[in-house]
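The values are calculated or read from the model by the stated rules, or taken from the named source; none is laboratory data. Predicted, not measured: the structure shown is a model, and the values here were computed from it. As a convention, Cβ positions derive from the backbone with ideal geometry for all residues, glycine included, and neighbour counts pool all protein chains shown.
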Amino acid sequence: MAEQNVITSMLDDLSQEQPIQTALCIGQNLAQYNTNHSIQWFHFNASELLNLPFTQRYDLGFVLLDTDEMSNVSESQKSQLLVKLRDLFAKRIVVTCKLDDEQLLRALGFTQLIDKTSHENDFALWQFNILTYKHVPDWFNSKFWANPENWNKFRW
């Protein structure tokens, strides 16, 4: 279960990076931590989210996989839930989970926020942000595509 001060400070940090008006939470209702923010929270359980039709994109998705509510969710449902959140519902996702879920989250493109070796608890914090997901490589620009200086020099 996530501590109130950790969640509140994390929301402060995330709001400074990008403004958050709407947020979606799964695993625990986090509307009670909305003391300093004007965030509109929407709470769903795993089965509700998997059956939810796409109607809007939220600024933040917050998933707590280490709660009692999420303890009976299968691995395939966790994967489906995170993929649906990542692809449809949320611009940014923060996941708190046990260390056992590392392989799943890494395979889905999440990056680790808290290093598991820095503490003794069975706790990990992951994020997915579509804006920082992939660094554009240097070679991927028009400078290397056309090569106009080689026109009329070489025949292929």
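Here's a check for you: in segment 33-73, which residue that is aliphatic (A, V, I, L, M), over 16 Å from the mean Cα position of the chain (by Cα) and farther than 16 Å from THR8 by Cα is modelled with the lowest pLDDT?
Of all residues in segment 33-73, those aliphatic (A, V, I, L, M) come to 39, 46, 49-50, 52, 60, 63-65, 70, 73.
Subsequent filtering for residues that are over 16 Å from the mean Cα position of the chain (by Cα) retains 39, 50, 52, 70, 73.
After this cut, where a residue has to be farther than 16 Å from THR8 by Cα as well, the list is 50, 52, 70, 73.
Details: LEU50: 90, LEU52: 89, MET70: 84, VAL73: 87.
Of everything passing the filter in segment 33-73, MET70 is modelled with the lowest pLDDT.
Would you tally the residues in segment 55-77 being surrounded by 14 or more Cβ atoms within 10 Å (Cβ to Cβ) and either without any contact (Cβ under 8 Å) to a residue 24 or more places away in the chain or on the phi > 0 side of the Ramachandran plot (or both)?
Of segment 55-77, the ones surrounded by 14 or more Cβ atoms within 10 Å (Cβ to Cβ) are 58-67, 69-70, 73, 77.
From what's left, either without any contact (Cβ under 8 Å) to a residue 24 or more places away in the chain or on the phi > 0 side of the Ramachandran plot (or both): none.
Summing the residues that are surrounded by 14 or more Cβ atoms within 10 Å (Cβ to Cβ) and either without any contact (Cβ under 8 Å) to a residue 24 or more places away in the chain or on the phi > 0 side of the Ramachandran plot (or both) in segment 55-77 gives 0.
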Pick from segment 19-32 the residues that are of a type in the set (A, V, I, L, M, F, W, C) and more than 13 Å from MET70 (Cα to Cα): which of them is modelled with the lowest pLDDT? ALA31
